[in-house]
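Report on the structure given below.
The values are calculated or read from the model by the stated rules, or taken from the named source; none is laboratory data. Bear in mind that the values here come from a model prediction, so they are computed numbers and not experimental data. Cβ placement follows ideal geometry from the backbone for every residue including glycine, while neighbour counts extend to all protein chains displayed.
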């Protein structure tokens, strides 16, 4: 029940934040719902299967995402919640292939202005829960910086301390640095946008660098996960091209990438095909 309580607390915190921003001056805001299909490359599936040695390889999946964000005179907020493999909604039941389990992934970020500068106090939380009861949370506390241009490019780099919480590990786990960026442009009279989010974990704790290598390994906390076979640094991110076909409808294709992350001590990549309805 710990993961369920955490999700409830996150929802309550988001509701509280929304209520407190009603009287703030709002500069922008957006919200959408999307249907997405993530297609892992064949090489990624092979590398994951070989390295995990009996632990289920990665599988392609569909997910439904609710996403939103807003900018205020005090800072900005962003968040999403994904429902992965929604056709396998069987909470608490075992799956023959764990990669096909129903999962909930959620992320929230907040940046609070530091005076009149472009610097911000920054925080983010990412939480993953699956139908077997496994959960993992990643919290980052640090600073960020706003870069805005007159030609459509914006960049928000950040750096902070990284705190990890899952059944096998809990506590300080080095640091995380990264950025989100976007570039809006027109082509043939159509509106397009390129986006990129990237996270780099560094100086990870030895206990958080183990990936599954044993035939009997079924998840964090098992003996196979005690081996420190991963690097102290990991990379996670995606590059996307979005076509705003209409005010209400957006199509996108993303290149998803990760290295020494997502349960595999190797490079991984996928294509994501998305269709969004904008509120």
Yes or no: the stretch 157-175 includes at least one residue that is at pLDDT below 95, over 25 Å from residue 79 (Cβ atoms) and in contact with a strand residue (DSSP E or B) (Cβ under 9 Å, 6 or more places away or on another chain). no
Please verify whether the stretch 206-220 includes one or more residues that are assigned to a loop (DSSP other than H, G, I, E, B), modelled with pLDDT under 95 and surrounded by fewer than 16 Cβ atoms within 10 Å (Cβ to Cβ). yes
Quick one: which residue in 112, 180 is in contact with a strand residue (DSSP E or B) (Cβ under 6 Å, 6 or more places away or on another chain) and over 22 Å from residue 258 (Cβ atoms)? 112
